[in-house]
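Heads up, the thing below is written out as structure tokens.
The values are calculated or read from the model by the stated rules, or taken from the named source; none is laboratory data. Because the structure is a prediction, the values reported are computed rather than measured. Quick reminder, even Gly has a Cβ in these numbers, built from the backbone with ideal geometry, and neighbours come from all protein chains shown. Ligands, DNA and RNA are stripped out before the accessible areas are found, and what is left, the full protein with its side chains, is counted by its heavy atoms. Shrake-Rupley method; radii C 1.70, N 1.55, O 1.52, S 1.80 Å.
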Amino acid sequence: LQAQDVHVVVLDRRVEGVDVDIVRGDSVQGAHNLMSHLISLGHRRVGMLSGPAEVSAARDRVLGYRTALTEAEIAFDETLVRYGNFTVDSGDEMTRELLTLDRRPTAIFAANNFIAVGAMRALHGAGLTVPDDMSLVAFDDLPDIYMQAPILTVAAQPTFELGTVAAKLLLDRLKGEKSRPPADILLSTELIVRASARPLNGMPLRNDGVKEESR
């Protein structure tokens, strides 16, 4: 595309070795906030269902997960981390793998919304309910078509803003701003606490100042 002088804006990830405008949600911050929330509920064994290891957004979400563990002085357990694809089928498969562990996790962190749908499918197939048998959180909110009880606790990206900022960058390039250095714009996520994660062993909920939503 660049060889043909086609303007490019990349959404949601970095592309190594390519200098283009990038607009992405803060995957490290969002994942850290989700993990910190689970830790505040008493969870210490949290399964991490990630996307492809070669995708920057997947690596960043694992980094946020690990950073929260380090801050809470909880040892990182690589057997709890699975790399797959950002798809429903991959979420299903990775969840079934976690359920074969001798020591199952008490909570699952899905690295995107489609992985979360797959995780719910696998848990249902194993006769487990969310959040009574397994707490579940996800990066990215779910479209209304997928909404079902319990509603997921998520790190929501500002999807509308991602689109509008990317379109503005592209229009600026089309207007002739070819000499401007490539931008890497990072937008904050929002932790939305709903009903899919519960305190472990009856621990009281901590008031950590995040948005709570009842639906």
I'm trying to understand the selection: among the residues of the range 32-63, which are closer than 17 Å to Arg103 by Cα and either small (Gly, Ala, Ser) or open to solvent by less than 30 Å² (accessible area, probe 1.4 Å) (or both)? Gly42, His43, Val46, Gly47, Met48, Leu49
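So is Leu123 touching a strand residue (DSSP E or B) at 6+ places or on another chain (Cβ under 9 Å), in a helix (DSSP H, G or I) and farther than 27 Å from Glu54 by Cβ or not? Don't jump to the end; show me each part of the working.
On the way: touching a strand residue (DSSP E or B) at 6+ places or on another chain (Cβ under 9 Å): yes; in a helix (DSSP H, G or I): yes; farther than 27 Å from Glu54 by Cβ: yes.
So Leu123 fits the description; yes.
Determine whether Val18 is within 18 Å of Ile185 (Cβ to Cβ), at pLDDT 95 or above and either in contact with a Ser or Thr (Cβ under 6 Å, 6 or more places away or on another chain) or of a type outside the set (Gly, Ala, Ser) (or both).
Values: within 18 Å of Ile185 (Cβ to Cβ): yes; at pLDDT 95 or above: no; either in contact with a Ser or Thr (Cβ under 6 Å, 6 or more places away or on another chain) or of a type outside the set (Gly, Ala, Ser) (or both): yes.
Considered against the rule, which asks whether it is within 18 Å of Ile185 (Cβ to Cβ), at pLDDT 95 or above and either in contact with a Ser or Thr (Cβ under 6 Å, 6 or more places away or on another chain) or of a type outside the set (Gly, Ala, Ser) (or both), Val18 comes out as no.
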For the range 95-111, which positions are open to solvent by 10 Å² or more (accessible area, probe 1.4 Å), among the hydroxyl-bearing types (Ser, Thr, Tyr) and farther than 17 Å from Ile39 by Cβ? Thr100
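Of these, Val117, Val130, Val154, which one is surrounded by 12 or more Cβ atoms within 10 Å (Cβ to Cβ), within 21 Å of the chain's Cα centre (by Cα) and part of a loop (DSSP other than H, G, I, E, B)? Give the steps one after another, and end with the answer.
On the way: Val117 fails: part of a loop (DSSP other than H, G, I, E, B); Val154 fails: part of a loop (DSSP other than H, G, I, E, B).
Within the list Val117, Val130, Val154, the selection yields Val130.
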Would you call Asp92 within 19 Å of Leu49 (Cβ to Cβ), at pLDDT 95 or above, acidic (Asp, Glu) and open to solvent by less than 30 Å² (accessible area, probe 1.4 Å)? yes
Single unsatisfied condition, Thr164 versus (1) of a type outside the set (Phe, Trp, Tyr); (2) surrounded by fewer than 14 Cβ atoms within 10 Å (Cβ to Cβ); (3) in contact with a Phe, Trp or Tyr (Cβ under 7 Å, 6 or more places away or on another chain): (3)
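Tell me which strands (runs of 3 or more DSSP E) are completely within the range 12-113 and hold 1 or more residues being in contact with a strand residue (DSSP E or B) (Cβ under 8 Å, 6 or more places away or on another chain) and among the hydroxyl-bearing types (Ser, Thr, Tyr), or say none if there are none. Outline the logic, then answer.
On the way: elements: 21-25, 46-50, 81-83, 107-110.
Filter on the range 12-113 gives 46-50, 81-83.
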Looking at the range 64-82, can you tell me whether even one residue there is without any contact (Cβ under 8 Å) to a residue 12 or more places away in the chain and crowded, with 16+ Cβ neighbours inside 10 Å? yes
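Being of a type in the set (Lys, Arg), within 28 Å of Val62 (Cα to Cα), open to solvent by 80 Å² or more (accessible area, probe 1.4 Å) and at pLDDT 75 or above narrows it down to one of Arg198, Arg206, so name that one. Outline the logic, then answer.
Details: Arg206 fails: at pLDDT 75 or above.
Only one candidate passes the filter, namely Arg198.
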Please go through the range 160-195 and pick out each residue that is part of a loop (DSSP other than H, G, I, E, B) and either at pLDDT 95 or above or on the phi < 0 side of the Ramachandran plot (or both). Lys175, Glu177, Lys178, Ser179, Arg180, Pro181, Pro182, Ala183, Ser188, Thr189, Arg194, Ala195
Does the range 1-46 hold any residues that are farther than 23 Å from Ala119 by Cα and among the small types (Gly, Ala, Ser), and which are they? Ala3, Gly17
Out of (1) open to solvent by less than 80 Å² (accessible area, probe 1.4 Å); (2) more than 30 Å from Asp19 (Cβ to Cβ); (3) acidic (Asp, Glu), the odd one out for Glu177 is which? (2)
